[in-house]
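Since the structure comes first, as structure tokens, the remarks are kept for the end.
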Amino acid sequence: QVQLVESGGGLVQPGGSLRLSCPTHGFTTDNYYIGWFRQVPGKEHVPEGVSCMSSPDGDTYYADSVKGRFTTSRDNANNAVYLQMDKVKPEDTGVYHCAVDVPWANVKSMCEKGTPTDFDSWGRGTQVTVSS
């Protein structure tokens with residue numbers, strides 16, 4: 001099990017940007033799926049899969065709620081996966097977690113069906129607050 005420590009959260013105004021980081025050093029394989037999930041106020045018990053990426057081929061899924069605004073990318077040189085959040089909205093407020101697991105059937109299934117107990121690793125999360 002790999003320890004995941006997210007960073008980059010904070011307070012941002014609506015329409016602004018943030019970049020979250022999830023370190024990937026210590027991984028013993030390049031064959032994994034990595035996802036960003038968020039727990040929003042009032043629905044903490046049901047984390048929403050925001051974006052999930054396949055490490056082998058880079059295939060990436062985005063939830064409809066963030067499509068066109070968020071971008072997941074991988075930086076092999078710096079051993080990190082990023083979630084670039086642009087044009088943020090108040091409803092993007094929540095605790096963002098990264099999760100790592102062996103490959104699923106596809107990246108969409110990881111995001112739409114995965115729960116924290118399903119994954120090999122689940123980070124503690126970083127708080128994102130969108131407010132003016």
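Every number in this text was worked out from the coordinates using simple rules, so none of it is lab data. No experiment lies behind these values; they were computed from the predicted model shown. We place every Cβ from the backbone using ideal geometry, glycine too, and count neighbours over all the protein chains shown.
Here are the numbers for this structure:
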| quantity | calculated |
| --- | --- |
| Cut-off under 5 Å, modelled amide H: who pairs with Ala80 long-range | Thr24, Asp75 |
| Residue of Gly68, Gly42, Gly58 that the Gaussian network model of the chain assigns the largest fluctuation, springs spanning Cα pairs under 10 Å | Gly42 |
| Region 1-50, relative contact order [Cα under 8 Å, separation at least 6], % | 26 |
| Region 19-132, dipole about Cα centre (Lys/Arg Cβ +1, Asp/Glu Cβ -1), debye to the nearest 20 | 340 |
| FRET efficiency, Val102 to Ala77 (Cβ-Cβ, R0 25 Å, nearest 0.05) | 0.55 |
| Other-chain or far-sequence residues with amide H under 5 Å of Ser121's (modelled H) | Val100 |
| Exposed trypsin sites (Lys or Arg not before Pro) absent - longest run of the chain, DSSP non-H/G/I/E/B, at most 14 other C-beta within 10 Å | 1-42 |
| Stretchable slack from Asp120 to Arg19, in nm (0.36 nm times residue separation minus alpha-carbon distance) | 34.0 nm |
| Karplus-derived HN-Hα couplings along region 41-50 (A = 6.51, B = -1.76, C = 1.60, θ = phi - 60°), whole Hz, x at Gly and Pro | x, x, 9, 4, 7, 10, x, 9, x, 8 |
| Length released on extending from Glu112 to Ser7, taking residue separation times 0.36 nm less the Cα-Cα span | 35.5 nm |
| Under the Karplus curve 6.51 cos²θ - 1.76 cosθ + 1.60, θ = phi - 60°, whole-Hz ³J(HN,Hα) for region 73-88, x wherever Gly or Pro sits | 9, 10, 10, 5, 5, 9, 6, 8, 10, 10, 10, 7, 10, 10, 6, 5 |
| Reachable aspartates and glutamates from Lys108, criterion Cα separation under 13 angstrom, eight or more residues apart if same chain | Glu48, Asp59, Asp64 |
| Spatially proximal lysines relative to Lys87 (Cα-Cα < 21 Å; intrachain offsets below 8 disregarded) | Lys67 |
| Positive-end residue, the chain charge dipole about Cα centroid, Cβ charges, pick of Tyr61, Pro103, Gly42 | Gly42 |
| Among (1) 46, 28, 25; (2) 42, 31, 25; (3) 40, 27, 27, the entry derived from the coordinates for Cα extents along the principal axes in Å | (2) |
| Gaussian network model of the chain, Cα within-10 Å springs - most flexible of Ala63, Ala80, Ala105 | Ala105 |
